[in-house]
Amino acid sequence: MDFGGGEEIRFEVIGKAGVVTLTRTKALNALTENMVHALAAALEAWEQDDAIHCVLVKAEGRAFCAGGDIMNVYRAGKEGNVLVGFFADEYRMNAQLARFPKPYVALIDGIVMGGGVGISVHGSHRVMTGNAIVAMPEVGIGFFPDVGGSHALSRLPGSFGMYMALTGNRVRQGDALAVGLATHAIDAESQQALIEALTTSGDVDEVLRKFSVVAAPQTDAATFDAIARHFSRDTLDEVLESLKKDAERGDDFAAATLSTMLSRSPTSLRVTWRQIREGAALSMDECMRMEFRVLNRMLTGKDFYEGIRAALIDKGSTPVWDPASLDEVSEADVDAYFAPLGAQELNL
């Protein structure tokens, strides 16, 4: 079955399920434009097909999906060709997935970041093995947690989504289950049996009841409480001051978290703070339009390209952010990222 994804993504109808397999293993299944278009086409076709009871998305290799094909975006932008169209199509697909009326099972085994979160977290069922590692690390590359991050992260309990957004820290299976990023946990060894059961019966909830296991959080209750206390503050500056006070008292978690945040792009931090706060009151479609406004400004700025250079071109080097400090990023600067685009607004 071919929806135009070539050798990067495979589509099959197996029993009662539409099965999607990401096959771009050498690139950790990073999403390309062809993959985005193909998945959108498959969802549209399978939504209308009464023989398809559910959709299952899985991946080959050691990653579910490490994000979007960010190097392609970087190269194009450096050449003066800002790939806004790729993101527009991806955001439309994210919104389409959030509206998808049938059970959508993301079987996550390994790394899932950025765009990979976008093709999983908005689905009805997020099934994670013990190998799952989840993150939205965009503030570390001068970007922001897009693909609907403003909708999904803002709705996690205990300000955990704000914590993820502002640090980019990784989350394992137990924590993901505890905060609702995952809906179910399974043993990695049971994946093939789960797939066979899902495609045979099509009854997602019944099958997952049989395969689900208990996964204890990796984070203890005291740290969850600390995250909620720090990251529920009314301003980003108050978050940082709260962390600083605890760090000065010898709190290792606060010290490490503060150090992490201060290494991130100051612009990204301020924009992301606004994005997550506003996203809590917006619908998914409204979030995608807001994110598209931010995206347009990010791709014509400096920090995204500097962040990619430091992380992926000159691997391990320290990025030089511009502006270099949070104090240099004004409220007016942040406002400009969220300003309407007029005729260029995202059309959903």
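Readers should treat all values here as calculations from the given coordinates under stated rules, not as data from a laboratory. Since we're looking at a predicted model, the values are computed, not measured. Neighbour counts run over all protein chains shown; Cβ positions are idealised from the backbone, glycine included.
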| said: Projecting each Cα onto the charge dipole of the chain (Lys/Arg +1, Asp/Glu -1 at the beta carbon, about the Cα centre), which of Ser154, Pro266, Leu43 comes out farthest on the positive side? | reply: Pro266
| task | For the chain, give the magnitude of the charge dipole about the Cα centre (Cβ charges: +1 Lys/Arg, -1 Asp/Glu; no others), in debye to the nearest 20. | result | 320
| request: Can you figure out the FRET efficiency of Arg170 with Thr23, using R₀ = 22 Å and their beta-carbon distance, to the nearest 0.05? | output: 0.35
| If we sort 290-296, 8-14 on the protection proxy, mean other Cβ atoms within 10 Å, highest first, what's the order? | 290-296, 8-14
| query | Which FRET efficiency value, to the nearest 0.05, is calculated for Gln48 and Glu7 with the Förster distance at 25 angstrom and r the Cβ-Cβ distance? | reply | 0.40
| field | Simple spin-label estimate for Asn347 and Val214 in nanometres, 7 Å along Cα-Cβ | value | 5.4
| request: Provide the packing ranking of 111-123, 41-53, 272-284, 167-179, i.e. peptides ordered by the mean count of other C-beta atoms within 10 Å per residue, highest first. | output: 111-123, 167-179, 272-284, 41-53
| query | Between Leu181, Val127, Gln192, whose Cα lies farthest towards the positive end of the dipole of the stretch 126-203 when Lys and Arg beta carbons carry +1 and Asp and Glu beta carbons carry -1, centred on the Cα centre? | reply | Leu181
| Roughly speaking, what is the stretch gain from Glu238 to Asp314, that is 0.36 nm per residue apart minus the C-alpha to C-alpha distance, in nm to one decimal? | 24.0 nm
| request: Could you check the simple spin-label distance between Ala332 and Ala41, using points 7 Å along Cα→Cβ, in nm with one decimal? | output: 4.8
| request: Report, in debye and to the nearest 20, how large the dipole of the stretch 242-281 comes out about its Cα centre when Lys and Arg carry +1 and Asp and Glu carry -1 on their Cβ. | output: 220
| query | Rounded to whole Å and sorted largest first, what semi-axes of the equivalent ellipsoid does the C-alpha gyration tensor of the chain yield via the square root of 5 times each eigenvalue? | reply | 32, 24, 18
| request: Give, in nm to one decimal, the length gained when the segment between Asn81 and Ser325 is fully stretched (0.36 nm per residue of separation minus the Cα-Cα distance). | output: 85.0 nm
| About the Cα centre, charge dipole magnitude for the stretch 210-348 (Lys/Arg +1, Asp/Glu -1 at Cβ), debye | 460
| Which is farthest toward the positive dipole end of the stretch 1-340 among Leu83, Val171, Gln96, measuring Cα position about the Cα centre, with Cβ charges +1 (Lys, Arg) and -1 (Asp, Glu)? | Val171
| task | Provide, for the stretch 1-340, the number of lysine pairs with alpha carbons under 23 Å apart, each pair being eight or more places apart or on different chains. | result | 11
